[in-house]
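For reference, the structure discussed in these notes is given below.
The values are calculated or read from the model by the stated rules, or taken from the named source; none is laboratory data. Treat the numbers as computed from the prediction; the structure is a model and nothing was measured. These area figures cover heavy atoms from the full protein model, side chains too; ligands, DNA and RNA do not enter into them. Shrake-Rupley method; radii C 1.70, N 1.55, O 1.52, S 1.80 Å.
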Amino acid sequence: MGKPRPGRAEWLASGHTERPRLFQNLLLFLWALLNCSLGVSAQGPGEWTPWVSWTRCSSSCGRGVSVRSRRCLRLPGEEPCWGDSHEYRLCQLPNCPPGAVPFRDLQCALYNGRPVLGTQKTYQWVPFHGAPNQCDLNCLAEGHAFYHSFGRVLDGTACSPGAQGVCVAGRCLSAGCDGLLGSGALEDRCGRCGGANDSCLFVQRVFRDAGAFAGYWNVTLIPEGARHVRVAHRSRNHLALMGGDGRYVLNGDWTVSPPGTYEAAGTHVVYTRDTGPQETLQAAGPTSHDLLLQLPVCPPLLQVLLQEPNPGIEFEFWLPRERYSPFQARVQALGWPLRQPQPRGVEPQPPAAPAVTPARTPTLAPDPCPPCPDTRGRAHRLLHYCGSDFVFQARVLGRHRQAQETRYEVRIQLVYKNRSPLRAREYVWAPGHCPCPMLAPYRDYLMAVQRLVSPDGTQDQLLLPHAGYARPWSPAEDSRIRLTARRCPS
């Protein structure tokens with residue numbers, strides 16, 4: 001016969017003490033009677049007790065393991081609790097002193113001079129690492145060609161010399177970024193444990209300019225906080241990297257640095273130069289201060305670093321969202337223009353407030369453009385978000401209609417997704433004289449656009465597709481677009 005949960009009985013007693021005790025007992029009796037006589041089984045899993053405190057570390061130095069546990073409380077007929085009853089984590093311990101005996105060696109040494117294998121013969125034992133299960137205490141008899149397994153090693157023993165994994169309950173486990181063994185938690189590209197790459201933005205661009213005079217030409221700023229930096233190009237030229245203090249890390253002062261690992265901005269920069277015409281810079285980050293990537297253009301008598309026209313320098317890194325707008329402003333100072341600049345005269349200004357005039361019936365001019373199709377819905381938002389190159393919030397500053405397309409000048413205010421850098425102001429192109437959706441000047445929109453680059457590289461445009469995603473910005477739409485970002489297929 002089933003019995004009530006302890007927690008439920010305690011709630012009835014403590015929360016309703018004003019009721020007669022006889023009435024409480026009657027309710028409990030009826031509940032138990034129905035549970036037993038009618039054969040009603042409990043549904044769902046049981047409930048976990050709270051975690052107990054972490055145990056002491058299994059070692060006094062180096063790496064060790066601490067464990068905590070909990071128990072599953074369930075009634076007859078209930079499923080087992082979901083989850084693990086034990087959790088293991090690595091201990092934060094100081095390094096062992098020089099000459100300290102390794103943990104596995106100590107465990108093998110416990111059997112020195114003790115008879116094993118059913119005989120009175122004794123041996124001296126040392127660890128053996130060639131056995132199939134590395135979390136068994138496999139020990140080799142010194143001076144003999146056999147080893148013996150004494151069962152499992154103690155928790156916290158390294159799986160093998162130099163390995164990151166440790167043995168726990170006979171299994172070799174590695175710690176996730178949360179410190180828990182076997183959790184599998186990983187840092188995302190933003191450096192967040194278990195994150196989904198949604199707290200940073202991916203910056204990617206190709207620098208194709210070439211210097212017209214001798215000197216060090218700015219390629220890009222690698223700002224403070226950048227992660228997973230990668231720069232590559234295929235040519236016989238050499239890149240230069242300058243630190244925030246104005247001193248060169250690589251290839252400065254018209255000299256060529258050897259390949260290798262260099263410390264800069266709180267990270268390690270790996271500089272490689274293959275036998276073929278390829279050069280790369282990589283750094284895990286995050287950078288502690290700005291770095292400046294440059295292309296040296298040597299004087300004619302010193303053609304050492306720039307030996308051929310620049311074929312294109314590819315660079316990419318991940319940047320926290322809050323650092324993106326300052327990065328855009330500083331990069332614009334390096335001379336990156338708007339995409340496809342067009343001549344314009346007076347800077348567009350918001351319309352002035354109309355003067356107060358006597359009320360009269362306005363005459364509305366007929367709209368020459370037909371209504372746009374309905375593009376609302378979660379499926380439409382998901383399709384255009386996942387298939388776009390850029391998603392951002394922008395204010396429309398101006399609109400210019402042409403025969404075959406409409407050009408919007410917009411000011412970028414917030415970037416949700418980008419596959420290459422965006423300027424503070426951009427041009428967005430929409431097909432047709434009557435694009436759908438139609439954007440009104442001086443209003444904020446959330447829009448998903450694509451990047452179109454002509455085969456010869458002379459045109460680089462941001463395109464808003466016909467019947468694409470462009471909706472007036474609102475807090476609700478902001479929440480919807482952030483939720484959509486998590487549902488794109490990887």
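Listed values, structure above:
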read-out: Cα-Cα P(r), the range 78-168, percent of pairs per 10 Å interval; value: 14, 40, 27, 13, 5, 1
read-out: Solvent-accessible heavy-atom area per residue, rounded to whole Å², over the range 217-275 at 1.4 Å; value: 48 Å²
read-out: Under Karplus coefficients 6.51, -1.76 and 1.60, residue-wise ³J(HN,Hα) of the range 280-289 in Hz, glycine/proline x; value: 9, 10, 9, 8, 6, x, x, 6, 8, 7
read-out: Accessible area expressed per residue, the range 414-490, with surrounding protein chains retained (probe 1.4 Å, Å²); value: 46 Å²
read-out: For the range 195-200, Karplus couplings with θ = phi - 60° (6.51, -1.76, 1.60), whole Hz, Gly/Pro x; value: x, 10, 6, 9, 9, 9
read-out: Amide H partners (placed H, <5 Å) of E187, local residues excluded; value: C177, G194
read-out: Calculated log₁₀ intensity ratio I(q)/I(0) where the Debye formula runs over C-alpha points of the range 361-490, q = 0.20, 0.21, 0.22 Å⁻¹; value: -1.24, -1.35, -1.46
read-out: Accessible solvent surface per residue of the range 75-135, calculated while the other protein chains remain in place, 1.4 angstrom probe, Å²; value: 68 Å²
read-out: Under 5 Å, built H, 5+ apart or other chain: amide partners of R205; value: F315
read-out: Accessible surface of the range 139-263 [probe 1.4 Å, protein heavy atoms]: carbon and sulfur percent; value: 48 percent
read-out: Whole-Hz couplings from phi, Karplus 6.51/-1.76/1.60, listed for the range 311-324; x for Gly and Pro; value: x, x, 10, 8, 9, 7, 6, 10, 9, x, 4, 5, 9, 6
read-out: Amide H contacts of E78 (H built 1.01 Å from N, under 5 Å, at least 5 apart or other chain); value: A42
read-out: Carbon plus sulfur fraction of accessible area for the range 408-486, probe 1.4 Å, in percent; value: 55 percent
